[in-house]
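The numbers here are math on the coordinates, done by the rules we state, and not lab data. Just so it is clear, the model here is predicted, and its values are computed rather than measured. Virtual Cβ from ideal backbone geometry, glycine too; neighbours counted across all protein chains shown.
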Amino acid sequence: MLEIKEQDVVIGDLLLSMTPFLKIYTVCVNNQDVGQDLIANLYENNPKFHAALETCGVPPRQGIIGINDLRARPYQRVIRYKLLCERLLGATPETHSDHAAITKALSQISIMADHVNESKREVCERV
């Protein structure tokens with residue numbers, strides 16, 4: 001049986017390696033209004049699309065996630081990564097070999113979260 005020691009568990013470097021890819025979520029934020037307009041247009045003018053959304057829950061029904069909730073999920077992920085890092089950091093002793101990497105990951109993910117939020121704010125101001 002494989003024995004895993006506490007000092008062998010390191011995920012900070014993994015979090016750091018994926019952090020640059022979080023910037024892509026600004027595309028979701030910046031095109032939120034375009035997507036909403038497209039959905040509204042298709043809902044009104046395309047009977048098949050209208051029927052598909054009705055089947056999927058528009059408006060949302062109990063137990064069914066609506067399309068607007070699904071559209072919000074991608075950029076909510078950035079915030080979830082930040083919360084994950086905060087929890088990991090709180091549970092990782094300062095003496096652990098992964099503490100520094102988690103600290104750096106939290107810092108970089110926080111910067112990305114701020115970037116996504118700022119992008120969203122700028123889009124809202126333009127509208």
With each run of n ≥ 4 DSSP H residues scored as -39500 (n - 2.57), what mean residue ellipticity at 222 nm is computed for the chain after dividing by its residue count and rounding to the nearest 500 deg cm²/dmol?
-> -23000 deg cm²/dmol
Where in the chain lies the longest segment free of GluC sites (Glu not before Pro) that are both loop residues by DSSP (not H, G, I, E, B) and have at most 16 other Cβ atoms within 10 Å?
-> 4-93
Gain in length, LYS48 to GLU94, computed as 0.36 nm per residue apart minus the alpha-carbon separation, to one decimal in nm?
-> 10.9 nm
Which one of PRO93, LEU22, VAL78 has its Cα pushed farthest toward the positive end of the charge dipole of the stretch 15-104, where Lys and Arg give +1 and Asp and Glu give -1 at the Cβ?
-> PRO93
So, with +1 on the Cβ of K and R and -1 on the Cβ of D and E, and no other charges, what is the size of the charge dipole of the stretch 7-126 about its Cα centre, to the nearest 20 debye?
-> 200
Considering Cα pairs under 8 angstrom that are at least six residues apart, work out the relative contact order of the chain and quote it in whole percent.
-> 43
Express in nm, to one decimal, how much length is gained between SER110 and ILE24 on full extension, taking 0.36 nm for each residue of separation and deducting their alpha carbon distance.
-> 29.5 nm
Give me the aspartates and glutamates in straight-line cross-link reach of LYS23: C-alpha distance below 13 Å, same-chain residues under 8 apart excluded.
-> ASP114, GLU118
When the charge dipole of the chain is computed with +1 on Lys and Arg Cβ and -1 on Asp and Glu Cβ about the Cα centre, the Cα farthest towards its positive end, among ASN68, THR55, GLY35, belongs to THR55
With N set to the residue count of the chain, report its C-alpha Rg divided by 2.2 N^0.38 Å to two decimal places.
-> 1.42
